[in-house]
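Undergrad: Got a structure for you, questions after.
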Amino acid sequence: MEDFFQVGIITAPHGVGGEVKVFPTTDDPRRFKKLKEVILDTGKERKNLEVEHARLMKQFVLLKLQGIDSREQAERLRQNALWVSRENAVPLGRDEYFMADLEGLRVKDEDGTDIGVLKSVMETGANDVYIIGLTDGRELLLPAIKQCVLEVDVEAGFIRVHILDGLLD
């Protein structure tokens, strides 16, 4: 399982006081309002920074990080990723999972037969779609709905699914 999750990418400075504009890579940008600390990944090092405040602006988050007090300092952070540790991640509800924890899990059919591996999760407007690499080399796009996803056991490393008629045609 992943220990860190990317929550955003700094796109630009905002104003003259050191705020940065962040494109959120999390499904809920409001999470930044409760965030106390982020990990700045410069590509060369990772640095823990305290969050002084956060506010939402359209599809972006404006973030003030401790120690970043000028536009010039903020400019140097452009295109750097922001991460949080698992401990600082948003608490999950029942039947919710981090995508990073699902990717790579074995996929089994209703009978327990191994049919492939979950390669990635595609986010769509209605529901997520699991992209499964089948053992025969094909790819299956499976809607992540209760009728199809019967069981998820991250600890045991598998997902048990029901494949609706026509999905393998």
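Undergrad: Looking for something modelled with pLDDT of 90 or more, in a loop (DSSP other than H, G, I, E, B) and surrounded by 14 or more Cβ atoms within 10 Å (Cβ to Cβ) - is there at least one such residue anywhere in segment 49-57?
TA: Within segment 49-57, the subset modelled with pLDDT of 90 or more is 49-57.
The next check asks that each one be in a loop (DSSP other than H, G, I, E, B); those that pass are none.
Checking segment 49-57: not a single residue is modelled with pLDDT of 90 or more, in a loop (DSSP other than H, G, I, E, B) and surrounded by 14 or more Cβ atoms within 10 Å (Cβ to Cβ).
Undergrad: Going through segment 133-157 one residue at a time, which ones are under 11 Å from LEU105 (Cβ atoms) and within 18 Å of the chain's Cα centre (by Cα)?
TA: VAL152, VAL154, listed by residue number.
Undergrad: Any residue in segment 102-122 that's assigned by TED's automatic domain parsing to the domain that holds ASP153: show its pairings with residues that are loosely packed, with under 15 Cβ neighbours inside 10 Å and among the small types (Gly, Ala, Ser) at Cβ separation under 8 Å, as long as the two are six or more apart or on different chains.
TA: Qualifying pairs under 8 Å: GLU103/SER120; LEU105/GLY157; ARG106/GLY157; VAL117/GLY104; LEU118/GLY104.
Undergrad: Say we look at segment 1-48 and pick out the residues that are over 11 Å from TRP83 (Cβ atoms) and β-branched (Val, Ile, Thr); which of these is farthest from the chain's Cα centre (by Cα)?
TA: Step by step, filter segment 1-48, then rank; the result is VAL16.
Undergrad: So if I check each of ALA100, ALA74, which one is in a helix (DSSP H, G or I), of a type outside the set (D, E, K, R) and within 9 Å of GLY18 (Cα to Cα)?
TA: Details: ALA100 fails: within 9 Å of GLY18 (Cα to Cα).
Exactly one residue qualifies, and that residue is ALA74.
Undergrad: For segment 58-75, what are the residues that are charged (D, E, K, R) and modelled with pLDDT of 95 or more?
TA: So the first thing to find is which residues in segment 58-75 are charged (D, E, K, R), and the list is 58, 64, 69, 71-72, 75.
Across segment 58-75, the qualifying residues are LYS64, ASP69, ARG71, GLU72, GLU75.
Yes/no matrix, rows are residues, columns are (1) farther than 24 Å from TYR97 by Cβ; (2) touching a His at 6+ places or on another chain (Cβ under 7 Å):
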position: PRO13; (1), (2): yes, no
position: VAL20; (1), (2): yes, yes
position: PRO24; (1), (2): no, no
position: ARG31; (1), (2): no, no
position: LEU35; (1), (2): no, no
position: THR42; (1), (2): yes, no
position: ASN48; (1), (2): yes, no
position: HIS53; (1), (2): yes, no
position: LYS58; (1), (2): yes, no
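Undergrad: For residues in segment 77-92 being surrounded by 12 or more Cβ atoms within 10 Å (Cβ to Cβ) and outside any loop (DSSP other than H, G, I, E, B), which is modelled with the lowest pLDDT?
TA: Of all residues in segment 77-92, those surrounded by 12 or more Cβ atoms within 10 Å (Cβ to Cβ) come to 77-78, 80-86, 88-90.
Then keep just the ones that are outside any loop (DSSP other than H, G, I, E, B); that gives 81-86, 88.
On the way: ALA81: 96, LEU82: 96, TRP83: 95, VAL84: 93, SER85: 91, ARG86: 88, ASN88: 83.
That would be ASN88.
Undergrad: Could you grab me the full set of residues in segment 1-39 that are basic (Lys, Arg) and under 17 Å from GLU75 (Cα atoms)? If you could, list the steps in order and put the result at the bottom.
TA: Of the residues in segment 1-39, the ones basic (Lys, Arg) are 21, 30-31, 33-34, 36.
Listed by number, the list holds a single entry, LYS21.
Undergrad: Now for a separate question. Which condition number does ILE159 fail, the rest of (1) farther than 16 Å from ASP27 by Cα; (2) outside any strand (DSSP E or B) being met?
TA: Unmet condition: (2).
Undergrad: From the list GLY8, GLY67, which one is outside any loop (DSSP other than H, G, I, E, B) and small (Gly, Ala, Ser)? First the steps, then the outcome.
TA: Values: GLY67 fails: outside any loop (DSSP other than H, G, I, E, B).
None of the others qualify; the one that does is GLY8.
Undergrad: Residue under question is LEU164, and the condition is that it be exposed (fewer than 13 other Cβ atoms within 10 Å of the Cβ), in a strand (DSSP E or B) and on the phi < 0 side of the Ramachandran plot; does it hold?
TA: Values: exposed (fewer than 13 other Cβ atoms within 10 Å of the Cβ): yes; in a strand (DSSP E or B): no; on the phi < 0 side of the Ramachandran plot: yes.
The answer is no for LEU164.
The values are calculated or read from the model by the stated rules, or taken from the named source; none is laboratory data. The shown structure was predicted, so the numbers you read here are calculated from the model rather than taken from an experiment. Ideal geometry is used to build each Cβ from the backbone, glycine not excepted, and the neighbour counts take in all protein chains shown.
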